[in-house]
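Enquirer: Pasting in a structure now, in structure tokens, and then I'll have a few things to ask.
Laboratory data are not the source of any read-out in this text; all were calculated from the coordinates shown. In this text, all values refer to a predicted model and were calculated from it rather than measured experimentally. For neighbour counting, all protein chains shown are included, and Cβ atoms are generated from backbone atoms with ideal geometry for every residue, glycine included.
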Amino acid sequence: MKLISKSTIGGLALFAALGLVFFWMASAPHPLNAADIPEHTANIDNGKLLYNIGGCISCHAPGPDVKNVAADIPAGGKPFITPIGILYPPNLTPDRDTGLGYWTEVDFVNAMQKGLGPSDEHLIPAFPYTSYAHMKIGDILDIKAYLASFAAVKNATKPHEVLFQPIVRRGLGLWKWVGFDETKWQPDAAQTASWNRGSYLVNGPGHCSECHTPRTLFMSSDTARMFQGGPHPEGKGKVPSLRGLVERERYKDAADLVLAFQNGEELGYDKMSSGGMGEVRKNIALLPDDDVKAIAEFVSNLK
Amino acid sequence: MISKLSLGLMATAVTLVLGSSISFASGDDAIKARQACMKANGAGMGVLVPIIKGGKPYDAAVISAALDTMGKACADWANFWPADSMKSTTLKTRAGEAIWSDPKAFEAAGGAYYTAFTALKATKDEAGFKAAFGDLGKGCGGCHEKFRAPE
């Protein structure tokens, strides 16, 4: 008596093969082409502003083994410890061998808004392309122009220490079906221009929701509970809710929040220091007053 | 050359900061004491910050009283961090692991705060007070950024 017939084995093999084909097709990258990039005259000052609100330097800072490079040059390599492993954020300076020197505009837009590297590999979303996808494409190109203005630093960052990385990376293609919302940011006509500016900075380049929003079972942002606080990216502890900051008496009003962003503990505001927010706050403090006010207006009105 | 005496002094300093608690019967007592210190500091900032922001007038006596209360509540700082106070089964603590894994940096951060605190206490007039206050805040931040865990 045969429990498993030859045809059963054949069926299973076919099923597994179909599964692999499905996995391969569904996880395929969908990059933009050069023709998708509009004509754009780069504005380096705008790029710098967006680089600051994005806090790019906080992750792309030079690693401990990089010598003679100032801490505010995004030469990469500072270890980012996450629950999936240790990541080494890459070098963003224009070095041709180890940085973004040879990257074209479409390469950069694909990374920032599609989560794809220059060989069309899926990027690990610790790099918050999930937020940058909402940005205006011109703003992305301005950031590229600003990065190109740095002096090139030769620094080949270490490969990420993530188990089964090729499978994880390809699998991210599947994850993008559920976890990646590419809709562009839209203004709300019922709100002030300043609120809308704040909304754009917070939801796009600022990528605040990456930490301040809970995640679903699939590790995508739970948009139904936007800004209600989330797990800390390093794995331990929580990131607080941004809703009802005034009602819960964390801050008196938007103006109070502006003072907190701009001064932090130097003016006695101690709630923006821990868990990495200290660096975020310092990056926000680099923005022009109007943008800090806009962010405060948007955030202090989250109910 | 490191003499026996300086080695002894260093060992004492390390014991003071990290060794088994000298002044506190248990880790929980140390947690309670440091939380009372932080609470007093918070209350003190509630008095000082409005003077900096201009909502309250400069008053040397009020400032001195606030700083004294802060100083007293934190006088035992060096004993606040015994190894058994890293975690507690009954109390919530946001003391970060780096306090114990990087004690040198923690001591430096605490020292920076104490220097700023002493300098602020020594100020004699409004201009001096306002000029020195930022460093006190930076001192608070120096610990809160690296050594206070997320919520």
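Enquirer: Computed over the Cα atoms, what is the radius of gyration of the protein assembly as shown divided by 2.2 N^0.38 Å, N being its residue count?
Expert: Relative to the 2.2 N^0.38 Å estimate, the protein assembly as shown comes out at 1.15.
Enquirer: Nearest 0.05, what FRET efficiency do A:Lys158 and A:Lys184 give at R0 = 60 Å with Cβ-Cβ as r?
Expert: Calculated transfer efficiency: 0.95.
Enquirer: Starting at 0 and stepping by 5 Å, how many percent of the alpha carbon pairs of the range A:182-230 end up in each bin?
Expert: Values per bin, smallest distances first: 5, 21, 23, 26, 17, 6, 2, 0.
Enquirer: Using a 7 Å offset from the Cα along the Cα-to-Cβ direction at both B:Ala75 and A:Arg225, what is the distance between the two label points in nm, to one decimal?
Expert: According to this spin-label approximation, the distance is 4.7 nm.
Enquirer: If you don't mind, there's one more thing I want to ask. On average, how much area does the Cα convex hull of the range A:1-118 cover when viewed from any direction, in nm²?
Expert: One quarter of the hull surface, i.e. the mean projection, equals 12.9 nm².
Enquirer: Counting only other chains, what is the mean number of Cβ atoms within 10 angstrom of the Cβ of each residue in peptide A:255-267?
Expert: 3
Enquirer: Spin-label point model (7 Å from Cα, Cβ direction): what's the B:Lys138 to A:Lys238 distance in nm?
Expert: Inter-label distance under the simple model: 3.4 nm.
Enquirer: Follow-up. At what distance in angstrom do the alpha carbon centres of the range A:165-215 and the range B:97-151 lie from each other?
Expert: A separation of 36 Å, based on Cα centres.
Enquirer: At a Cα cut-off below 15 Å, give the aspartates and glutamates reachable from A:Lys236, other chains included and same-chain residues fewer than 8 away excluded.
Expert: B:Glu97, B:Glu151
Enquirer: For the protein assembly as shown, what does -39500 (n - 2.57) per DSSP helix run (n ≥ 4), summed and divided by total residues, give at 222 nm, in deg cm²/dmol to the nearest 500?
Expert: -15000 deg cm²/dmol
Enquirer: Pulled fully out, how much extra length does the chain show between A:Ala151 and A:Asp290, if you take 0.36 nm times their separation in residues and subtract their Cα-Cα distance?
Expert: Additional length available on full extension: 47.1 nm.
Enquirer: Of the peptides A:217-226, A:149-158, A:56-65, how do they stack up when ordered by the mean number of other Cβ atoms within 10 Å, highest first?
Expert: Order by mean packing, descending: A:56-65, A:149-158, A:217-226.
Enquirer: Let me ask another. Working out 0.36 nm times the residue gap between B:Ala131 and B:Ala105, then minus their Cα-Cα distance, what length gain in nm do you get to one decimal?
Expert: So the extension gain works out to 6.8 nm.
Enquirer: Under 18 Å from a point placed 7 Å out from the Cα of A:Glu121 along the Cα-to-Cβ direction: which residues of the range A:129-171 have their backbone N that close?
Expert: Correct set: A:129, A:155-171.
Enquirer: Need the full-extension length gain, A:Glu249 to A:Arg215, defined as separation in residues times 0.36 nm minus the C-alpha distance. One decimal, nm.
Expert: So the chain would gain 9.7 nm between A:Glu249 and A:Arg215.
Enquirer: How large is the Kirkwood hydrodynamic radius of the range A:167-278, counting all unique pairs of alpha carbons, in Å?
Expert: Result for the range A:167-278, one decimal place: 16.0 Å.
Enquirer: Taking each residue in A:268-281, count the Cβ atoms of any other chain within 10 Å of its Cβ, then average. What number comes out?
Expert: Taking the mean over all residues of the peptide, I get 5.
Enquirer: Over 29 Å between C-alpha atoms is what I'm after, so list which of A:Lys252/B:Lys138; A:Lys158/B:Lys92; A:Lys176/B:Lys87; A:Lys293/B:Lys56; A:Lys158/A:Lys184 land there.
Expert: From the list (A:Lys252/B:Lys138; A:Lys158/B:Lys92; A:Lys176/B:Lys87; A:Lys293/B:Lys56; A:Lys158/A:Lys184), the Cα-Cα distance tops 29 Å for A:Lys158/B:Lys92; A:Lys176/B:Lys87; A:Lys158/A:Lys184.
Enquirer: What FRET efficiency would be calculated for the residue pair A:Lys67, A:Leu12, taking the C-beta separation as r and a Förster radius of 56 Å, to the nearest 0.05?
Expert: Once the sixth-power term is evaluated, E becomes 0.50.
Enquirer: Two decimals, Cα atoms only, Kirkwood Rh: what is Rg/Rh over the range A:84-230?
Expert: 0.98
Enquirer: Please give the FRET efficiency for A:Lys271 paired with A:His30, using the beta carbon to beta carbon distance and R0 = 41 Å, rounded to the nearest 0.05.
Expert: Efficiency computed from Cβ-Cβ geometry: 0.50.
Enquirer: Checking the cross-link filter: which lysines have an alpha carbon closer than 16 Å to that of B:Lys104, excluding same-chain neighbours under 8 positions apart?
Expert: Those lysines meeting the cut-off are B:Lys146.
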